[in-house]
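Here's the structure we're looking at; comments come further down.
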Amino acid sequence: MLQFKKIILNLVLGKKASSEALSKHLQEIGVKIGNRVTFYGAHQISIDEQYPWLIEIGDDVQITAGVRILTHDYSWSVLKKVYGPILGCAGKVKIGSNVFIGSDSTILGGTEIGNNVIIGAGSLVKGKIPDDCVAIGNPCRPVMSLDTFYAKRLQRQREECINLGKSYINRTGLTPPPRSFS
């Protein structure tokens, strides 16, 4: 049954049927992709294919559902109508290694995201995001260092684990299995 489902997904979604299929397709058209890159919800991710050689993604990157990566825009169409000449707008996108990009974020051309970076969900990223930080917003800006974020997560971990267990017990009446906490 699982194999049949995989075949149907490949037929319907094609290059966006899985993380592996999308990664392979992007590499074939010229996007530079590192090792262990994961596209969560590949069918919901939009990566600009007009200038694939302008996109570079490092190792150990996680890109979540709804993310858009753009290398160009069509603002020139308005200028052309008013002034005549076509003034193209394109720029590189470089995503470093060990980066997480939260759902529904947009990465614009001319953006460089450093290594060890967390981009918060719904962010609009343009320009340079430095290494070792958490960045969020529109426009996306660093809000804390990775060290600060780690310290905050350590403090909250125990309380969140207890709440997770209590919620499981309340919902199911059962003791949560160990995999619920990994």
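The values are calculated or read from the model by the stated rules, or taken from the named source; none is laboratory data. A quick note: this is a predicted structure, and the numbers were derived from the prediction, not measured. Because the Cβ atoms are built from the backbone with ideal geometry, glycine has one as well, and the counts that use them run over all protein chains shown. Keep in mind that these areas ignore ligands, DNA and RNA; they rest on the heavy atoms of the full protein, side chains included. Shrake-Rupley method; radii C 1.70, N 1.55, O 1.52, S 1.80 Å.
Filtering segment 76-90 down to residues that are part of a helix (DSSP H, G or I) and of a type outside the set (Gly, Ala, Ser), which residue is modelled with the lowest pLDDT? Spell out the reasoning first.
First, pick out the residues of segment 76-90 that are part of a helix (DSSP H, G or I): 76-83.
Still in the list and also of a type outside the set (Gly, Ala, Ser): 76, 78-83.
Numbers: Trp76: 78, Val78: 84, Leu79: 84, Lys80: 83, Lys81: 86, Val82: 88, Tyr83: 88.
Out of the qualifying residues, it is Trp76.
When only residues in segment 35-57 that are open to solvent by 70 Å² or more (accessible area, probe 1.4 Å) and in contact with a strand residue (DSSP E or B) (Cβ under 7 Å, 6 or more places away or on another chain) count, which is farthest from Ser19 (Cα to Cα)?
Here the residue is Gln50.
Which members of segment 135-147 meet the condition of being surrounded by 13 or more Cβ atoms within 10 Å (Cβ to Cβ) and out of contact with any Ser or Thr (no Cβ under 8 Å at 6 or more places or on another chain)?
Filtering segment 135-147 down to residues surrounded by 13 or more Cβ atoms within 10 Å (Cβ to Cβ) leaves 135-137, 140-146.
Hits for segment 135-147 are Arg141, Pro142, Val143, Met144, Ser145, Leu146.
Please find, within segment 148-182, the residue that is farthest from Ile101 (Cα to Cα) out of those that are surrounded by 13 or more Cβ atoms within 10 Å (Cβ to Cβ) and among the aromatic types (Phe, Trp, Tyr).
The qualifying residue farthest from Ile101 (Cα to Cα) is Tyr168.
So if I check each of Glu49, Glu56, which one is farther than 21 Å from Asp147 by Cβ and assigned to a strand (DSSP E or B)?
Checking each option against the conditions leaves just Glu56.
Which of the following residues is under 26 Å from Met144 (Cα atoms) and touching a Gly at 6+ places or on another chain (Cβ under 7 Å): Ile107, Ile63, Ile119?
Ile119
Take Val67 and tell me if it is in contact (Cβ under 8 Å) with a residue 40 or more places away in the chain and either of a type in the set (A, V, I, L, M, F, W, C) or open to solvent by less than 50 Å² (accessible area, probe 1.4 Å) (or both).
Yes, satisfied.
So the check is Cβ under 6 Å with 6+ separation or different chains; which pairs have a first residue in segment 71-84 that's at negative phi and a second one that's in a helix (DSSP H, G or I) and open to solvent by less than 60 Å² (accessible area, probe 1.4 Å)?
What qualifies is Thr71/Leu54.
Given the conditions (1) buried (at least 16 other Cβ atoms within 10 Å of the Cβ); (2) closer than 17 Å to Ile129 by Cβ, which single one is not true for Lys92?
(1)
On the given criteria, is Gln27 under 21 Å from Ile119 (Cβ atoms) and open to solvent by 30 Å² or more (accessible area, probe 1.4 Å)?
Taking the combined requirement at face value, the residue does not satisfy it.
Given Asp104, Asp60, Asp73, which one is modelled with pLDDT under 95 and either open to solvent by 30 Å² or more (accessible area, probe 1.4 Å) or out of contact with any Cys (no Cβ under 9 Å at 6 or more places or on another chain) (or both)?
Answer to the selection: Asp73.
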